[in-house]
Each structure stands twice: as C-alpha cells, then as structure tokens.
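Here the structure is laid out as structure tokens; the discussion comes afterwards.
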Amino acid sequence: MQNKDLSTGILVAGLAIRGGTGQSETSPHKDRISLVVRDSYWLQADWEITRAAVDRVRVAMSEKWHKAQPVLRLMAVGDAGSNRAEQLIRDIPIHGGVTNWYIDVDQPPSRFRVVIGYLAENERFYPLCRSNIVSTPKPDAVNRLDRHWRDIAEDYERIYSLSGGYDATGGNELKELFEERLQRPMPSRPDDNSSSDTDAALDRHRALPFEVDAELIVFGSTTPGATVLLSGEPVKLRDDGTFTVRVALPDKRQVLPVIAQSRDSMKQRTTVIAVERNTKVMEAVDRDQAF
C-alpha cells in the first residue's frame, strides 16, 4: 500500500509537510505535476499530490483499487495549433515515496505532456492531474541542458521556455515550481518577433561555446519478464530481456546496485557498480589577435 500511495505531504494545521522533512510550507498543499526538459532525450516529472486526491480515486475505483498500478501516462502532443491532439505513447509504472521521475523520450524535436494517475486491471485509467506541455530540442551538444537545479539556475530562461513556461495554456504550475526551487521571479514572455531566435538569444556562451560532460551507460540482460532495479528504481526491459539505462555522472564517487529478480520472486541476482568521476576545467586562454 505504501508503494501505491502517491500522496506527497501530510496536512498539519492546514499546511503541508513535504518529503518528510518536517518543514511546513507557506502555501497550501495542492495537486500538480510539472514536466521539465532535461535534454533532447530526457524529461523530468515533478509532482505534488494530496491524500484527498488519492482517496477520491480509490473510492472511484472501488474493488479495482486492490490491483491498481500508479503510472505516469506519457502523451505525444501535436503542434502548437493542435494542442488537443494527444496520442498515448506509453504508461510508465511508478511507486509512492518519490516526487519526481526521469522519462526517456525519442524523435526530437517533439512535444509531450504527462498525466499521473492509476491504471486498473481492465486498462481503464483514473487520472489525478495533468502536466504542462514541453518541447524537446534538437540534439545539440552546445545547447545541452543541465541536469541539476543548481545548474539550471545558470540557464533557467531557456529551460523554462523549452518546458512551456511561456505557453499561455500551460497554467501557473510550472512558473510556481521554478520560482519555488530557484527563489527568483520568472521572466516575462519574450517578444513574438524574436521567439524563433529564443535559444540563440539565451545562449550564454557566444564567444567560444565549449561544454564537456559525461554520462554513464548501464546495460545488460536477464530473463524476459524479470524485474530489474537500478539504485532502487525500476528499469524497463526490452522484449528479449536486455536493457540500457543512461545515468547521470556527477563529480563524485557513486555506488550503483543493480538487482534482477525472477517473476516469481524466488531468485535474485545483484551486481554493484562503483564509479568515480573527477573533472578538471583548465584555465581559459585568450590570445590577442595578431595584425
């Protein structure tokens, strides 16, 4: 039942205590899910769900609740002129106890939104709330999007724009999320005449763009139908039992346990990957132009 409960806060005296930190929020706890573009192939969903919303779905599902699966429903969205044209891509199983999830996507540039809710055994979907619409950029190493909120702060305008922050149909949830995490007001909508050049105008590395980063790719295979967890998070298997996962590689030592479990839970195998990254940025060299 704990894995099924998606509620993210406990109301105490009308205020929310989020994430088990014991720190009350000044704004009322509410239902929202925000989608943020991380790069051309990854999105991050960040949500906040009340216990009352989960209880409403539980009552609506009745006896179907016992076998319900909490999921993120990934939707492909048509162009700006057809926001209502949405197509189901896949349902991503999730679990309680977390407030965000990384989602791999393909075919950039594309537009997406997610809906968080519960999937019944008969495939009927019971939604809790819908996210904003985001647009993934074309693959471009120069315009790579940073992976952590402290890094997002350095390039927040462009990430905010790609995540639908200037879209009038996106609501205020994304704006509230960015202002809450970054502790700053979000910029006003740019002029329409310059919208096509938004990325170029917001590029902070015009003189000599040079960004180098690294990711860890974890791959392997097991019996089709088995369950694989990477650092406690479920890994999607292909039909033949193989899998590939892209993992952030920050400057520190990481220990990543990878666990495979048979469908009947009678067999389990564990492999632990330990990796350390040390990155050094050398001093920039600017030479005067020779005449």
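Every number in this text was worked out from the coordinates using simple rules, so none of it is lab data. Note that this is a predicted model, so its numbers are computed, not measured.
Summary table below
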| read-out | value |
| --- | --- |
| Translational diffusion coefficient (Stokes-Einstein; Kirkwood radius from C-alpha pairs) of region 215-276 at 4 °C, 1.567 mPa s, in µm²/s | 107 µm²/s |
| Among the listed pairs Lys4/Lys236; Lys64/Lys267; Lys236/Lys267; Lys30/Lys236; Lys4/Lys175; Lys64/Lys175, those beyond 26 Å (Cα-Cα) | Lys64/Lys267; Lys30/Lys236; Lys4/Lys175; Lys64/Lys175 |
